[in-house]
Structure formats: C-alpha cells, structure tokens
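Heads up, the thing below is written out as structure tokens.
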Amino acid sequence: MVDAFKKAKRIRKTNVAGGKVVAVNGCCYGKDDRPDKGDYLKLCGQRFWEFISGEPNLYTDLIEPLGHRAKEKNEEFQGQYDQVIERFTQQFKKEYCDPQGAILWENVVRFNSGKRE
C-alpha cells in the first residue's frame with residue numbers, strides 16, 4: 001500500500017503542477033490517535049467519516065439506521081440461506097447417500113474426478 005501511495009504521488013507530481021498530495025488510508029471503524037504515518041494518513045472511525053463528509057457526527061448518525069437495516073437484511077438472508085442449505089442437503093442425500101444416510105464416497109469421487117462422457 002505504501003509503495004502504491006508513493007508511486008501515485010510521483011505520477012501526480014509529474015502530471016500536475018503544484019498542490020500537495022496526501023495519501024489517505026481510510027477505515028470505517030476504530031481509533032488511531034496518531035493518524036500521520038509519514039507517507040500517508042490513516043483515518044479511522046470518526047476521523048474517516050468526518051474527512052469524507054465534513055460532518056463530525058456522521059459516524060454516530062449512521063450507526064442506528066445501519067443497525068436496523070442490517071438486522072432486517074440478516075433475517076431475510078438467513079431465511080433464504082436456510083432454504084438453499086435444505087435444498088442442497090436434499091440433493092446431496094439423493095445423489096450421494098444410501099437410504100440410511102451414509103455417504104457413498106465412490107459417487108462423490110466419480111462426480112469430482114471422473115471423466116465426462
């Protein structure tokens with residue numbers, strides 16, 4: 001990352017006259033009370049959100065609505081995920097298990113490594 005920042009700075013300096021180039025490594029969460037890393041700034045949490053928005057409280061303003069939406073989406077995803085797992089399990093049992101549920105390894109190996117005809 002640092003090498004990429006340095007390269008970008010060199011390229012920018014050769015193509016554009018004037019202006020200081022500051023590379024920023026942004027992180028949506030966390031804390032770093034020493035953001036100046038020499039070759040770049042590492043902005044975490046509040047510093048990052050304020051940098052990109054100009055709003056010092058954006059990081060807290062985002063949390064509550066994001067939390068609610070994430071919960072809704074997680075519940076929706078989990079329901080769909082459970083259905084897919086059930087479907088795959090039934091298909092696997094049908095094609096790769098005997099009636100008692102033991103895996104028919106020869107069928108699995110044949111599927112994975114056998115030549116197609």
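Quick notes on this structure:
- Residue match in the stretch 50-72 (condition: of a type in the set (Gly, Ala, Ser) and surrounded by 14 or more Cβ atoms within 10 Å (Cβ to Cβ)): no
- Just one of (1) assigned to a helix (DSSP H, G or I); (2) within 24 Å of Asp3 (Cβ to Cβ); (3) of a type outside the set (Phe, Trp, Tyr) fails for Asp39. It is (1).
- One residue from Arg69, Arg10 being within 23 Å of the chain's Cα centre (by Cα) and of a type in the set (Lys, Arg): Arg69
- When Lys31 is tested against (1) surrounded by 12 or more Cβ atoms within 10 Å (Cβ to Cβ); (2) over 18 Å from the mean Cα position of the chain (by Cα); (3) at pLDDT 85 or above, only condition (1) is not met.
- Identity of the residue in the stretch 89-117, in contact with a helix residue (DSSP H, G or I) (Cβ under 9 Å, 6 or more places away or on another chain) and in a loop (DSSP other than H, G, I, E, B), that ends up modelled with the highest pLDDT: Leu104
The values are calculated or read from the model by the stated rules, or taken from the named source; none is laboratory data. Small disclaimer: the values here were computed from a predicted structure and weren't measured. Cβ coordinates were reconstructed from backbone atoms using ideal geometry, including for glycine residues, and neighbour counts include every protein chain displayed.
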